[in-house]
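Read through the structure below, which is laid out as structure tokens, and then see the notes.
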Amino acid sequence: MNTIGFDTSNYTTSIACYNGVDGQNCSQLLPVKHGQLGLRQSDALFAHIRSLPELSGRLFSNVATDTIAAVAVSTRPRAVEGSYMPCFLAGICQATLLSQALHIPLFEVSHQQGHVAAALWSAGRMDLMDVAHLAWHLSGGTTELLLVEPDGRNVKATKIGGTTDISAGQLIDRTGQLLDLPFPSGKHIDALSQGAQDKSVFKVKCPGLEFSLSGVQNKVEQYHEKNGDPAETAAYALRCVAHAVLSATKNAQKAYPGLEVVFSGGVASNSMLRSVLAPLKPVFAQPQYSTDNAMGVAILAHRLLEE
């Protein structure tokens, strides 16, 4: 039995298939002109519409339609009232069409719930889908610390911390713009930082579970103006983010003793972040399933079908 997932986020078009154990994810980044920081929603929606036929053709070349039992789609960023982005309409339309054509159930989930499921599956920790745990959603538009609890066969994610202003991904992309790197800049900043030697860091104040990163952007710009080395600037930005997340995670482990901490979202694939957080023994998604993908959505379809 196979289930299909669609996710048309603000950064990536993706469609995935899951059979209860393994799966395949086909995805494509949205095209962004050099020097720009993202797309308008109308342009993102158009890009998804153009990408989906090729991606679905690639996926369904390996999947017989008579084996598909259900389809799921991410319809909004978070499963909370008022959470909405037009770009998800592309996936909704495709998923609805597939559901009606094959006469199979259609499940609606959130982009964030899909991230949690993909992270746990890729890390071999699906057991955490059924128990409370802490989770970081670190992406281009989101830096949220979540309390994740079972909600039937899905999960409920309640924000308990994170940034009070710009996200970690926004800081990294703005650093990439400063260094004339392509968008999204995460993997380029990560690769560039590997050659850095300096270990200095601007320590963000984090008395509880929240912190601000807008001041870090100013510090990164000042650091680059003084140092001028792209690799050192890239590493400095990542180090500041990683230590802010580390501080909030330590505080969260004190506030919620005994709960494991899971990391998902594109920023969670960063090697420096993983190195800095390693002593806390967190659960990290495999890098390819940290970034936006439809695999978690397909996994949720499989679980919801079993309810």
Discussion item. Let's see if you can work this out: charge +1 on each Lys and Arg Cβ, -1 on each Asp and Glu Cβ, no other charges. What is the dipole magnitude of the chain about its Cα centre, in debye to the nearest 20?
Written reply: 580 debye
Discussion item. Quick check for you: with a 1.4 Å probe and neighbouring chains kept, what is the accessible area per residue of region 1-121, in Å²?
Written reply: 45 Å²
Worksheet item: Mean projection of the alpha-carbon convex hull of region 1-146 over all orientations, in nm²?
Response: 9.4 nm²
Worksheet entry | Mean separation of Cα contacts under 8 Å (6+ apart) over length of region 82-161, as relative contact order % | 18 percent
Discussion item. Which order do you get for GLU232, GLU225 if you rank them by accessible area with a 1.4 Å probe, largest at the top?
Written reply: GLU225, GLU232
Worksheet item: Carbon and sulfur: what percent of region 45-198's accessible surface (1.4 Å probe)?
Response: 53 percent
Worksheet entry | Net length gained if the chain between ALA191 and GLN286 were fully extended (0.36 nm per residue, minus Cα distance) | 32.5 nm
Discussion item. Run the paramagnetic zone check for PHE60: 7 angstrom along Cα to Cβ, then residues of region 98-136 with backbone nitrogen under 19 Å.
Written reply: 98-107
Practice prompt. Kindly state, to the nearest 0.05, the FRET efficiency for ASP229 paired with ASN19, given R0 = 45 Å and r defined as their beta-carbon distance.
Written response: 0.40
Fill in: Dipole of the chain, positive direction: furthest Cα of ILE68, LEU106, VAL261, with charges on the beta-carbon
VAL261
Fill in: All aspartates and glutamates inside 20 Å of LYS33 as judged from Cα atoms, apart from same-chain residues fewer than 8 positions distant
ASP43, ASP173, ASP180, ASP292
Worksheet item: Using bins 5 angstrom wide from zero, how does P(r) for region 229-270 break down, in % of all Cα pairs?
Response: 5, 19, 22, 23, 16, 8, 5, 2, 1
Worksheet item: Mind checking which aspartates and glutamates have their C-alpha under 20 Å from LYS254, skipping anything on the same chain fewer than 8 residues away?
Response: GLU144, GLU149, GLU210
Worksheet item: Which of the pairs LYS159/LYS226; LYS199/LYS281; LYS156/LYS219 have their Cα atoms more than 26 Å apart in this structure?
Response: LYS159/LYS226; LYS156/LYS219
Fill in: Matching label, Rg and Dmax of the Cα atoms in Å computed from the structure shown, candidates (1) 18.9, 56; (2) 22.5, 76; (3) 19.1, 62
(3)
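The values are calculated or read from the model by the stated rules, or taken from the named source; none is laboratory data. All values derive from a computational prediction rather than experimental measurement. Neighbour counts are summed over all protein chains in view; Cβ atoms, including those assigned to glycine, are modelled from backbone coordinates with ideal geometry. Ligands, DNA and RNA are excluded from the accessible area calculation, which covers all protein heavy atoms including side chains. Shrake-Rupley method; radii C 1.70, N 1.55, O 1.52, S 1.80 Å.
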